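For reference, the structure is listed below as structure tokens.
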Amino acid sequence: MKKLTLMHIGRDSWDRPVYECDGKLYVDVDPLGHLPPNICTKANNEFDGEPNCPVGDDVEFTFVPSRDTW
């Protein structure tokens, strides 16, 4: 299983939590606390870019300092 450590760096213009790992930006497109993370890459690796490719189900996430949810 692949593991990603996602560092919270803020919220985009749609109020979605944005994370960074190894220079790549990710977004939780459905950040409801009672649902599992739905992580996608950011288009063109831009902070306010659209969600792009979903990260596979075979990835384990560690959120630093914690997962940001609504």
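The values are calculated or read from the model by the stated rules, or taken from the named source; none is laboratory data. Fair warning: this is a prediction, and the values are worked out from it, not measured in the lab. Cβ: placed from backbone, ideal geometry, glycine included. Neighbour counts: every protein chain shown. Ligands, DNA and RNA are stripped out before the accessible areas are found, and what is left, the full protein with its side chains, is counted by its heavy atoms. Shrake-Rupley method; radii C 1.70, N 1.55, O 1.52, S 1.80 Å.
A few points about this structure:
- By DSSP, the beta bridges lying fully in the chain are antiparallel in about 70 percent of cases.
- Using the Cβ-Cβ distance between Asp22 and Trp70 with R0 set to 35 Å, the FRET efficiency from 1/(1 + (r/R0)^6) comes to roughly 0.85.
- Accessible surface, the chain, averaged per residue in Å² (probe 1.4 Å): 61
- In a DSSP loop and with at most 12 other Cβ atoms within 10 Å, the GluC sites (Glu not before Pro) in the chain are Glu46.
- Leading residue at positive end of dipole, the chain (Cβ point charges), from Pro54, Thr5, Val27: Thr5
- Computed extension gain for Trp14 through Asn45, at 0.36 nm per residue and net of the alpha carbon distance, reaches 9.6 nm.
- nm² value of the averaged projected area, convex hull over the Cα atoms of the chain: 4.2
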